[in-house]
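The values are calculated or read from the model by the stated rules, or taken from the named source; none is laboratory data. Bear in mind the structure is a predicted one, so any value in this text is a computation, not a measurement. No Cβ is skipped: glycine too gets one built from the backbone with ideal geometry, and neighbour counts run over all protein chains shown.
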């Protein structure tokens with residue numbers, strides 16, 4: 001959650017004060033609902049609800065999937081690059097953790113093919129796979145730029161398309177997840193370049209690699225970052241060391257900016273995309289709710305850079321948007337108490353019940 005003072009960077013002070021006053025009038029001791037009160041305040045601000053409104057939530061979960069050349073060329077993961085398409089097929093067949101959580105939450109979802117290596121291996125099913133492919137996996141960031149200028153421009157166009165499609169369905173809560181073997185390598189490189197922190201501080205074990213693979217992962221990130229100019233732009237960082245799915249997530253967030261839509265940010269990889277989005281379009285930070293602090297060691301440092309207090313700290317490091325979906329029950333609870341809880345009438349000490 002953002003502090004009251006920091007919210008003023010993104011929302012008019014009068015609106016913040018009016019909504020905060022309405023929350024304080026609820027029949028409870030002041031602040032007794034803790035972070036749920038801060039969450040309700042941010043939800044009402046993002047969705048432009050006024051005191052007395054009923055907050056209506058229309059969620060959509062998006063899983064952005066892409067393959068990474070660094071994982072195809074080097075053993076930076078405990079599984080092969082082919083595992084990306086296998087996991088997407090598992091999503092389609094309903095056998096993943098995210099399927100269980102989505103079914104329990106009643107949230108619809110869509111898979112975005114941002115650039116998997118073997119799209120021909122995708123199976124048919126009831127889950128929509130939107131083709132926004134930028135190519136058949138990025139190039140090896142350890143030896144060359146991960147993507148071209150043309151691919152980056154295409155990512156921006158796809159990001160706009162994805163955001164507009166969600167808005168056309170009257171979605172006002174976008175939950176972000178990802179799938180891509182090797183994407184912790186790309187996200188760590190992006191984080192190091194954006195924050196100035198060392199690759200050692202930004203890089204974790206991802207799928208559970210050993211010491212030798214971790215050392216290799218760090219060395220490849222250093223090689224990729226060595227090609228960057230001094231004070232690189234976010235776009236240069238993306239082109240040099242990013243992933244197709246990271247780029248499309250970032251541009252989807254950017255194109256949602258100012259559109260009355262809440263962006264629920266999952267773990268390490270999605271937060272790297274969020275950090276890129278904020279660097280390109282700073283105002284989009286005001287629309288972000290951070291779901292979880294993952295088990296990746298660099299994630300906490302990224303959250304600090306974004307002034308983000310996550311809703312959950314469960315040690316998750318699965319990806320898929322699992323943390324985002326698990327946090328949705330808290331988002332619903334915050335919206336529910338804002339919408340339905342009775343208020344004190346300070347003039348006569350009576351309780352005002354909501355319809």
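At-a-glance table
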read-out	value
Residue among 174, 122 that is surrounded by fewer than 20 Cβ atoms within 10 Å (Cβ to Cβ) and touching a residue at least 12 places away in the same chain (Cβ under 8 Å)	122
Residue within the stretch 271-290 that is part of a loop (DSSP other than H, G, I, E, B) and either touching a strand residue (DSSP E or B) at 6+ places or on another chain (Cβ under 7 Å) or over 24 Å from residue 155 (Cα atoms) (or both) present	no
Members of the stretch 314-351 that are in the same structural domain as residue 279 (by TED's automatic domain parsing), free of Cβ contacts under 8 Å to residues at least 40 places away in the same chain and touching a strand residue (DSSP E or B) at 6+ places or on another chain (Cβ under 7 Å)	314
Residue under evaluation residue 27, criteria (1) farther than 21 Å from residue 309 by Cβ; (2) crowded, with 20+ Cβ neighbours inside 10 Å, criterion not met	(2)
Single unsatisfied condition, residue 279 versus (1) at pLDDT 95 or above; (2) buried (at least 21 other Cβ atoms within 10 Å of the Cβ); (3) touching a helix residue (DSSP H, G or I) at 6+ places or on another chain (Cβ under 6 Å); (4) more than 20 Å from residue 5 (Cα to Cα)	(2)
Test: residue in the stretch 105-124 that is in contact with a strand residue (DSSP E or B) (Cβ under 7 Å, 6 or more places away or on another chain) and more than 28 Å from residue 147 (Cα to Cα)	yes
Any hit, the stretch 215-226, residues being part of a loop (DSSP other than H, G, I, E, B) and under 24 Å from residue 132 (Cβ atoms)	no
Tally of residues being in contact with a helix residue (DSSP H, G or I) (Cβ under 6 Å, 6 or more places away or on another chain), in a helix (DSSP H, G or I) and in contact (Cβ under 8 Å) with a residue 60 or more places away in the chain across the stretch 1-36	3
Flag for residue 46 being outside the structural domain of residue 246 (by TED's automatic domain parsing), in contact (Cβ under 8 Å) with a residue 40 or more places away in the chain and farther than 20 Å from residue 352 by Cα	yes
Test result for residue 206, touching a residue at least 24 places away in the same chain (Cβ under 8 Å), on the phi > 0 side of the Ramachandran plot and buried (at least 24 other Cβ atoms within 10 Å of the Cβ)	yes
Failed condition for residue 99, given (1) under 23 Å from residue 165 (Cα atoms); (2) in contact with a helix residue (DSSP H, G or I) (Cβ under 8 Å, 6 or more places away or on another chain); (3) touching a residue at least 60 places away in the same chain (Cβ under 8 Å)	(3)
Criterion violated by residue 169 - all others in (1) crowded, with 17+ Cβ neighbours inside 10 Å; (2) under 25 Å from residue 131 (Cα atoms) satisfied	(1)
Unique match (being touching a residue at least 60 places away in the same chain (Cβ under 8 Å), assigned by TED's automatic domain parsing to the domain that holds residue 110, more than 15 Å from residue 138 (Cβ to Cβ) and part of a helix (DSSP H, G or I)) among 166, 193	166
Top-ranked residue of the stretch 93-119 - restricted to ones that are over 21 Å from the mean Cα position of the chain (by Cα) and surrounded by 15 or more Cβ atoms within 10 Å (Cβ to Cβ), ranked as nearest to residue 139 (Cα to Cα)	117
Residues within the stretch 242-272 that are crowded, with 24+ Cβ neighbours inside 10 Å and either at pLDDT below 95 or under 18 Å from residue 300 (Cβ atoms) (or both), tallied	8
Flag for residue 45 being modelled with pLDDT of 95 or more and more than 26 Å from residue 164 (Cβ to Cβ)	no
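Residues are listed down the side, and each one gets a yes or a no for (1) at pLDDT 95 or above; (2) closer than 18 Å to residue 263 by Cβ; (3) surrounded by 13 or more Cβ atoms within 10 Å (Cβ to Cβ):
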residue: 302; (1), (2), (3): yes, yes, yes
residue: 306; (1), (2), (3): yes, yes, yes
residue: 314; (1), (2), (3): no, no, yes
residue: 325; (1), (2), (3): yes, yes, yes
residue: 332; (1), (2), (3): yes, yes, yes
residue: 343; (1), (2), (3): no, no, yes
residue: 349; (1), (2), (3): no, no, no
